[in-house]
Structures are given as structure tokens and as C-alpha cells.
Amino acid sequence: MAGGRTVFRPVPLLTCAWPDEILFMHTVSTCVRSSRHAFRPVTLRSLLIDFNSYFASVEQQLRPELRGRPVGVVPMLADTTCCIAASYEAKAFGVKTGTQVAQARRLCPGIVFVVARHAEYVRIHHRAVAVIDTIAPVEQVLSIDEMACSLPMGWTSRERATQLALRLKAALREALGECLRVSIGIAPNVFLAKQASNLQKPDGLVVLDATDLPGPLLRMQLTDLTGINVRMLARLQASGIHSVEQLWRARREQLRVVWGGIAGEAFYDRLHAVELGLPPAGPRRSLGHSHVLPPPMRSAEGALAVLDRLTQKAAMRLRREHLLAGAMTVALRLTRGRGERLRPQRSARFAATADTRALLHTLLALWPDMVPPGWVPLKVAMLLHDLRQPGQTSGSLFAADAPGSDAQQAALWNAVDALNVRFGRHTVYCGSGHSGRDEAPMRIAFNHIPDLQTEE
Ligand SMILES: [Mg+2]
């Protein structure tokens, strides 16, 4: 008993034949008994904050002359590139992430294009997380503009969770500025909180209690739900599921078949608010970078120089995360004549390493003839995979693979990294990447927030 209230915690259910029963039992087992209300269900646990048009809003905050105007954020100023973000004023004209610059100009003649400043977006992201953390503990950073919090004890009722969300909005506006608006979703788990945050934009606040379900979800398209992409949509349709309502009514076993494994059951559980926690984050499987080449770098030499730079950057990230890579894949997008495309890709395996020089040798071994005569490279990508911790690997038997001892090599690269962190990214680097050194600045991927120290 605490303050006149008894809280019954959910009991773990090991086996249960009927999923509906799990939901029912869960709801009953998480009741709060108070002196005034007998057995009021408490099902709200997660709060998700999604920044609206994040990159474009940061630009409007930092550059007041852009406020109220349609803005497209682009990786570079070229007609062939795509918008990576659009302000709400631009969205009103149909411009969205992925709209080509030339098309965006046709849709919205007054649009202003600004080149992305990823370092600014990361800096403001860190400030946002710090501000949120003072009000509700941030449990997971889902992307550069999405943070999930668990509702603190005593804040899980609809009224109090709403108060908390309004406090968060006010604190963020105060700390970051009026242009940075957020949509907040509150629900029994992170997945449903995310769907709730999508229901009202911009500046939304939607509470989705277990008793509201499926309610507002039925207005959504299947692909609006996190985790359902075009390929999964095709599989759902093949099994007779064409709407969120049909998905909601589908049995747990049916989703297991559609997903081809327990991921389908996990999806069912998240959708029906059965699963409360977050799936544990697995170990990182790969690490890499890609880069759209600007016109001056669209040659075989330019592409290799940029790949060299990407490899040096990835090697530094490997060391920072205390990992070794055992394989590398290099992929290119090439063009020729009128719209002909070629996507060569090559991979190699090697003794696990985080040594920049060894990784650059692998790149050079993969490279010959990747750009056939007459073809122009548009985009390069390199991925390090087969990642593992240093303790999970045995050293190379062959002296040629490991010049100097592993410890000496590690000490050397740690010293190089320390110099680059202290004095800036181009203080010490391998000369082979010299002409690509100004390319491939920081990029924010969906699931990777760059490290300001290693990637700026
Ligand atoms: Mg967003």
C-alpha cells in the first residue's frame, strides 16, 4: 500500500492458448485500486516524441528568413537530387521526402532549397534528448527525431500522461525554439505510441489506451504501420489481409505464417498491446556509409577516392565501438547514355580487423574493373560486416596479414583517432583518400545518429 493505493503488477504468462485471453488477463492484472475508483485499468506506459519535419524545422529555427516559407532540404544543390526533408509549407504543395528537386520546383514554384547541415541536426538532437530526460526518462532513441520514454510511476493515467506531454512540449519549445514542434503519442507500448504520434501532425498529442483499440488505427493504411513495408504488404495481401481491420482480426498464428517466423507473433503482440517492453537491441551486425557523388567526383578515380574516405571513416567508427570487421562489401550505382543503370557489387572476407590500412587494401583488391569503360558512377557505398568483439576472434597466423603486432597496430590507430578527435577530422589520414577528403561529410541515416567526434 502506498498513499491509499495498491498496485497489482502483471504476472508473467508462460503459456496461453488464446491471445485474446492474454490481453484480457493483462488488463485485469494491471489494475489500480484507489479509494475513489475501484479497479481502474492502467495500460499507458510509453510516450513517443516525434519531431515534425525535423531537418526543415531546424533550418527554419536557425534561419528566421525561412520561417513560413516552403523549404526543401537537399544533400546538394543539383536538379537531379531529391529532398531529404520538406517543411510543412512545402508539404502543402505535395513536396515530401524523396521528391526530386526539379519536380519539387514544378509542384511549388516558390520553394527554397537549403543544403542539409547534419552536424546542426545532431547537436539539436542531443539537446532535445537532454531536455526530455529531465521530464521523462528517455528509454530509447529511435532515430534522430524520435525518442521513446517510459511514463514515470504516478503518470500513467490519461490525464497525468497528457499533462506530462504538454510539459514536454513547453520545455522543448522553450529550450529549442518555436519552430521545433513535436507530435506526441501515448500508449501501452512504444509501437502503439508511435502509431498514435502519427495520427496528428504537426504539433499533435494523441492518447491511445488499450480500451481505444483498434479505433483510430482503422483509419490507417497497412503501410502506415511501422514494420509494414511494400514487400510485407504484398505478403499480407497474398494471405487475404488488405486492411488494418483485417490485420487486427487476423489470428496470431496467421501472422506468424505471413512473417515466416516469430516476428509475426511479436507484431501481433505489439499491435494488440500485449507486449509491453521493448525488444532488446541486438548486437550491431554491420556498419557502413554511402554517398551520392557530386558532379566533379563522377569518375572512376573520384568514386575510389570517396570510397577510400568512407573506409577510413568506417574504420574509425569500428575502433570507437570496439569492434572488428571480418568482411567488406562495396557497391556502386553507375549510369550510361539515357538512363541505363548498372549496380555492381563485390564482397571479400578477411581476418577480422579494425586496421584502416588492412581495410584499404581490401578495398583496392575489390576495386579493379568495377567501373567499366563508358560508365559514370553516381553513388558509392561500402559496408563492413561480420562484426565481432576483439575477444571473439583469433589473430591471423600469417605475418603478411598482420604487420607488427595486433597491440602495436591498435595503439597506432588509437593515437591517430585521438589526434583527429582533438584537432579535427583531417589532421592525420591515409594519403590514398586525399582527393576524397572533403566528400562524404556527416549523414544521418534512419537508424544511425552520427557521432559528432568521429564523423563530422
Ligand atoms: Mg519526424
Determine ³J(HN,Hα), in whole Hz, for all residues of region 98-111 in sequence, where each value follows from phi through the Karplus function 6.51 cos²θ - 1.76 cosθ + 1.60 and θ = phi - 60°; x replaces Gly and Pro.
x, 6, 5, 4, 4, 5, 4, 5, 5, 5, 9, x, x, 5
At 4 °C and 1.567 mPa s, the Stokes-Einstein diffusion coefficient in µm²/s for region 220-376, with hydrodynamic radius from the Kirkwood sum on alpha carbon pairs, is 67 µm²/s
Proxy reagent accessibility, fewest Cβ within 10 Å first, across ARG284, ARG105:
ARG284, ARG105
Remind me, relative contact order of region 221-279 in percent, using alpha carbon pairs under 8 angstrom and six or more residues apart?
23 percent
In straight Cα distance, which lysines are under 28 Å from LYS201, not counting same-chain residues fewer than 8 positions off?
LYS91, LYS96, LYS169
Other-chain or far-sequence residues with amide H under 5 Å of VAL74's (modelled H):
ILE84, VAL114, VAL115, ALA116
What ranking do ILE84, ILE124 get, fewest neighbouring Cβ atoms within 10 angstrom at the top?
ILE84, ILE124
Would you mind checking which residues have amide H under 5 Å from SER46's amide H? H placed 1.01 Å from N; only 5 or more apart, or other chain.
LEU151, ALA187, ASN189
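By DSSP, what percent of the beta bridges with both residues in region 44-212 are antiparallel, rounded to the nearest 5?
70 percent
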Region 331-367 scanned against label point 7 Å out from VAL428 along Cα→C-beta; backbone N under 12 Å for none
Neighbour-count ranking for SER432, SER46, SER347 (other C-beta within 10 angstrom, fewest to most) reads SER347, SER432, SER46
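Since every read-out is calculated from the coordinates, none of them should be taken as a lab result. Just so it is clear, the model here is predicted, and its values are computed rather than measured. Quick reminder, even Gly has a Cβ in these numbers, built from the backbone with ideal geometry, and neighbours come from all protein chains shown.
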